[in-house]
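The structure appears below as structure tokens.
None of the figures in this text is laboratory data; all of them are computed from the coordinates on show. Computed from a prediction, not measured in an experiment: that's the story for all the values here. Every residue, glycine among them, receives a Cβ derived from its backbone with ideal geometry; neighbour counts consider all protein chains shown.
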Amino acid sequence: MPRIPLVDLQAQYQSIKPEIDAAVARVLASGHFILGPEVEALEREVAAYCGTRHAVGVASGTDALVLSLRACGIGPGAEVITTAFSFFATAEAILLAGAAPVFVDIEPATCNLDADQLADAVTSRTKAILPVHLYGHPCAMDRVMDVAQARRLRVIEDCAQAIGATCGGQRVGAFGDAGCLSFYPTKNLGGYGDGGMVVTNDPKLAEHIRLLRAHGSAQRYHHAALGVNSRLDELQAAVLRVKLRHLDRWTEARRRNAEAYRAAFARHSAAGLEGPVERPGCQAVYHLYTIRSPKRDRIHDTLDSESIETQVAYPGTLPSQPALAAIGGRHAPVPRAEEAARQVLSLPVYPELTLDVIDRIAAATARAAR
Ligand SMILES: Cc1ncc(COP(=O)(O)O)c(C=O)c1O
């Protein structure tokens, strides 16, 4: 039986090939490759999509985080509160900005940071909260914003896995000071290389990030600040503009697939398996469809033997990473994040998956979970 991949970027390309090929050809013919009209158009289109006034293209989601933190004035001496359970780049960005991450534990239902723990984690050095909308599920942004406003903290949303997800009808990235997107190829809106973007309603912040992404220079050979080289290129922007036009349709397909898993697990009476739960009033975009089970490793091995690719995101918590353990840092115990690291398994949920394949994956998963 052909292997079922976790994501199928070839299938997606084939479904939009004429549009992509035309966009790439347009850029090649233009001779303009870095920060040109395609990037400017993508910035306008992504800002409109996310419901923010500004967007600034950068070279990666990691850079979007680092430059947002720096533009918010967060650096040495500052603490940034974030989740104990995310991709490493979340914590790395805080350290690259010169600040110290402070980890809080997660809520089991979404694996996102537990907003109830934020207030206790705040000290006089806390300058920001960095919530991550993990797997495409929005954090409890109303509660995050309440704490941030009460304690005068900046909020930088890590939306790398969650473009388009909503809470109360508002898209993630539009709640805080800045929302950080990743265009890594496997993301819901993925380019054909690295890329990222910051969305914000704050014109000064947008301007500052524009400066930092281009060697601190708004005017040729005049460097007002110490910046970096983090520019989005025209080929990526042209590809992403095509894909953005399809994003809502793909998100609907991901949501349909998530629903199909729910129904299939009920049909196959999957015991001891927890599927993802949506926060009331929020809509997830299912970057990953992540189940939890104490028999995670057995399920993974069974699916692997049946040619079904799955992913453990993530096998360890952020504070347990050697690179962070060496630095130290302050955080309370994070037993729920540790349990998640032992139990999570992400199943294929990409838009091009067919419902009969989902049923096959769910049946194999339910069998292994018993
Ligand atoms: C939660 C999270 N934050 C940040 C990043 C970093 O994005 P990028 O790979 O574009 O630098 C990623 C992507 O891998 C991510 O999943």
Rounded to whole Å, √(5λ) for the Cα gyration tensor eigenvalues of region 91-158, largest first, gives 18, 15, 11
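Quick one: putting +1 on the C-beta of Lys and Arg, -1 on the C-beta of Asp and Glu, what dipole do you get for the chain around its Cα centre, in Debye to the nearest 20? Let's see the in-between values first.
Details: 39 positive and 40 negative charges, 48 e Å.
Roughly 220 debye for the chain.
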Candidates LEU95, LEU355, LEU347, ranked by Gaussian network fluctuation over the chain, Cα under 10 Å, top entry:
LEU355
Where a label projected 7 Å from the Cα of GLU45 along Cα→Cβ would reach, residues of region 159-196 with amide N under 18 Å:
163-165, 181-196
For ARG125, what is the net charge nearby, where nearby means another residue's Cβ is under 10 Å from its Cβ and Lys, Arg count +1, Asp, Glu -1?
+1
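Order of 1-9, 212-220, 182-190 by packing, highest average Cβ count within 10 Å first?
Result, highest mean Cβ count within 10 Å first: 182-190, 212-220, 1-9.
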Restricting everything to alpha-carbon atoms, can you work out Rg to Rh for region 46-141 with a Kirkwood hydrodynamic radius?
0.97
Place the peptides 223-236, 282-295 in order of packing, highest mean first, counting for every residue the other Cβ atoms within 10 Å and averaging per peptide.
282-295, 223-236
Restricting to Cα atoms and excluding each atom paired with itself, what does the Kirkwood estimate give for the chain in Å?
21.1
Which whole-number percent gives the relative contact order of region 10-107, counting Cα pairs below 8 Å spaced six or more residues apart?
20
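Using packing as a proxy for protection, rank 83-93, 317-327 so that the peptide with the highest average count of other Cβ atoms within 10 Å comes first.
Ranking, from highest mean packing down: 83-93, 317-327.
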Taking amide hydrogens as modeled 1.01 Å from N in the peptide plane, which residues meet the under 5 Å criterion relative to ILE4, leaving out close sequence neighbours?
ILE308, GLU309
Gain upon complete extension [ARG249, ALA11; 0.36 nm per residue less C-alpha separation]:
84.2 nm
Burial ordering of ILE81, ILE20, fewest other beta-carbon atoms within 10 Å first:
ILE20, ILE81
Distance in nm between TYR221 and SER307 label points, each 7 Å along Cα→Cβ, equals 6.2
Rounded D (µm²/s) - region 247-369, Kirkwood Rh over Cα pairs, Stokes-Einstein at 4 °C, 1.567 mPa s
83
Net charge around ALA140, counting only other residues with Cβ within less than 11 Å of its Cβ (Lys, Arg = +1; Asp, Glu = -1)?
-3
Centre separation in Å (Cα based) which lies between region 106-168 and region 38-92:
14
Lys pairs, the chain - Cα-Cα below 27 angstrom, 8 or more residues apart or on other chains
4
Local electrostatic count at ARG26 - Lys and Arg +1, Asp and Glu -1, tallied over other residues with Cβ under 13 Å:
-3
